[in-house]
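**Student:** Right, I'll just put the structure down here and ask away after.
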Amino acid sequence: MGFLDYWRKREPEEVQGNLLNPEEQADAIVDRAEPTRLASYHRLHGELKARGAMDQTHQAINHLQNIEMLDDDYRKLYEELGITLGQRAKLPKEAKEALMVGDIAAFHQIMKDDAQGHQALIESSYKGFKQARKLFPW
């Protein structure tokens with residue numbers, strides 16, 4: 001199934017409207033917002049919260065994402081760049097892209113697994129990060 005088939009079969013969202021078969025002019029609303037690293041991060045962590053994540057869940061998932069998407073020794077990266085851990089906005093563009101892809105992959109893995117609760121959310125996120133990591137040359 002390609003994206004067009006997926007798009008046709010899904011429930012229209014309020015913001016998007018029905019783009020393929022608009023019944024009214026108001027249905028043909030196009031979402032012109034560009035995806036951003038921050039938007040993907042908030043989408044993932046909003047879903048985590050909705051599925052019963054605790055503060056420790058968010059921390060564990062962020063830690064696993066750094067390990068998987070950046071490197072086992074991601075702390076050295078932050079140190080060499082002279083930035084504080086967690087200041088992702090100051091990372092190089094490629095690192096930010098990897099983290100964004102990781103957020104998206106984890107979100108979709110959580111949805112696929114229908115993960116609920118601390119441990120299941122961590123496991124699903126990690127599976128998503130492992131798959132996303134394969135896309136990058138490092």
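The values are calculated or read from the model by the stated rules, or taken from the named source; none is laboratory data. This is a predicted model, so every value here is computed, not measured. Note that each Cβ is placed from the backbone with ideal geometry, even for glycine, and that neighbours are counted across all protein chains shown.
**Student:** Is there a residue in segment 73-96 that is touching a residue at least 24 places away in the same chain (Cβ under 8 Å) and under 16 Å from Lys130 (Cβ atoms)?
**Tutor:** no
**Student:** Restricting attention to segment 74-92, which residues are under 21 Å from Ser40 (Cα atoms) and of a type in the set (Lys, Arg)?
**Tutor:** Result: Arg88, Lys90.
**Student:** Has segment 81-88 got any residue that is more than 20 Å from Ala53 (Cα to Cα) and within 15 Å of the chain's Cα centre (by Cα)?
**Tutor:** So far as segment 81-88 goes, yes, one or more of its residues are more than 20 Å from Ala53 (Cα to Cα) and within 15 Å of the chain's Cα centre (by Cα).
Residue by residue, here is whether (1) small (Gly, Ala, Ser); (2) in contact with a Cys (Cβ under 9 Å, 6 or more places away or on another chain); (3) within 22 Å of Ala39 (Cβ to Cβ) holds:
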residue: Tyr78; (1), (2), (3): no, no, no
residue: Met100; (1), (2), (3): no, no, yes
residue: Ala105; (1), (2), (3): yes, no, yes
residue: Asp114; (1), (2), (3): no, no, no
residue: Phe136; (1), (2), (3): no, no, yes
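**Student:** Does Gly52 satisfy the condition of being on the phi > 0 side of the Ramachandran plot and modelled with pLDDT under 90?
**Tutor:** Criteria not met by Gly52.
**Student:** Quick one: what pairs do we get from segment 39-51, first residue more than 16 Å from Asp113 (Cα to Cα) and in a helix (DSSP H, G or I), second at pLDDT below 95 and charged (D, E, K, R), C-beta under 9 Å, 6+ apart or different chains?
**Tutor:** Partner pairs satisfying both residue conditions: Tyr41/Arg88.
**Student:** Under 6 Å by Cβ, and 6 or more places apart or on different chains, what pairs join a residue from segment 108-119 that is modelled with pLDDT of 95 or more with one that is outside any helix (DSSP H, G or I) and of a type outside the set (A, V, I, L, M, F, W, C)?
**Tutor:** Every condition considered, the pairs that remain are Gln116/Arg51; Gln116/Gly52; Gly117/Gly52.
**Student:** Of everything in segment 38-57 that's surrounded by fewer than 13 Cβ atoms within 10 Å (Cβ to Cβ) and among the small types (Gly, Ala, Ser), which residue is farthest from the chain's Cα centre (by Cα)?
**Tutor:** Ala50
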